[in-house]
Amino acid sequence: MENRVQHGDLILTRVPKEKVPADLSWKKVAKGFIVERGEGAHTHVTVDDCEIAEKDGVLYMRDIPGKQFGVDHEEHHVKTLQPDVWRKGIELEYDAEADEARRTQD
């Protein structure tokens, strides 16, 4: 069972049940919900209906029981996720010359 999935610059991390914030307010989103915008027209989108919640600027996603759950991107294949709660993150790249980290653009 994977606990971390990388899909281009998008990183999804499985959140153990005891670490899921109790006060999340879940809402259902339809297939095609934009999880993350990349450069130009490139986007990571849901390929199935799912539920999302946000807390302190962090996006959480979870399956709807009985339904598959996954994300897609124009340059990557569809990635199906195991039923659970996932936290969205973005890969950072380090620019040694500028001595700074910045978001990777996909």
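Readers should treat all values here as calculations from the given coordinates under stated rules, not as data from a laboratory. In this text, all values refer to a predicted model and were calculated from it rather than measured experimentally. All Cβ positions, even for glycine, are placed from backbone atoms using ideal geometry, and neighbour counts span all protein chains on display.
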Between their Cα atoms, which of Lys55/Lys79; Lys55/Lys88; Lys17/Lys79; Lys19/Lys67; Lys19/Lys79; Lys31/Lys67 are more than 20 Å away from each other? Lys55/Lys79; Lys17/Lys79; Lys19/Lys67; Lys19/Lys79
Pairwise centroid distance, computed over Cα atoms, of the range 60-75 with the range 5-50, Å: 7 Å
Distance in nm between label sites at Glu54 and Lys19, each 7 Å beyond Cα in the beta-carbon direction? 2.2 nm
